[in-house]
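Written below as structure tokens is the structure these notes are about.
The values are calculated or read from the model by the stated rules, or taken from the named source; none is laboratory data. Since we're looking at a predicted model, the values are computed, not measured. Every residue, glycine as well, gets a Cβ built from its backbone with ideal geometry; the counts of neighbours run over all protein chains shown.
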Amino acid sequence: GVGMGMTAPVSITAFPAEDGSFQEKVKVSLRIPSQFQDNPPCPTDENIKIEERPGMIIYSTQFGGYAKEADYVKYAAKLKAALGSDAAYCKGFYLCNGYDPPMKPYGRRNEVWFVKE
């Protein structure tokens, strides 16, 4: 019964298939606003879970525009190539982040994150 509004970034955990595309399973995460951090409202939908994301070190790349799955896959491949074989990061998933509301036509910010191991 509490309205919290939209927060940024909206973070999608992608689990890449062999060809780099997303598998059907993805996880969408939203940040709980600061005023609710200590005592978040309990979800009424059993598919919604509250998780605390631990601190992490990430490798990141940024791009603009209205991001689609193909854009995240493309930039994940570019980030992987830029890191080469020496960087240790979690290979089973990566995070796709969007920072802007759908109505914002220009200056959009999107990021792909690989979590350092």
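Restricted to the stretch 23-117, the set of strands (runs of 3 or more DSSP E) holding at least 2 residues that are surrounded by 13 or more Cβ atoms within 10 Å (Cβ to Cβ) and free of Cβ contacts under 8 Å to residues at least 60 places away in the same chain comprises 58-63, 110-115.
Let's see how each residue does on (1) of a type outside the set (Ser, Thr, Tyr); (2) modelled with pLDDT under 95; (3) in contact with a Leu (Cβ under 7 Å, 6 or more places away or on another chain):
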| site | (1), (2), (3) |
| --- | --- |
| Ala17 | yes, yes, no |
| Gly20 | yes, yes, no |
| Val26 | yes, yes, no |
| Gln37 | yes, yes, no |
| Ile48 | yes, yes, no |
| Phe63 | yes, no, no |
| Ser85 | no, yes, no |
| Cys96 | yes, no, no |
| Arg109 | yes, no, no |
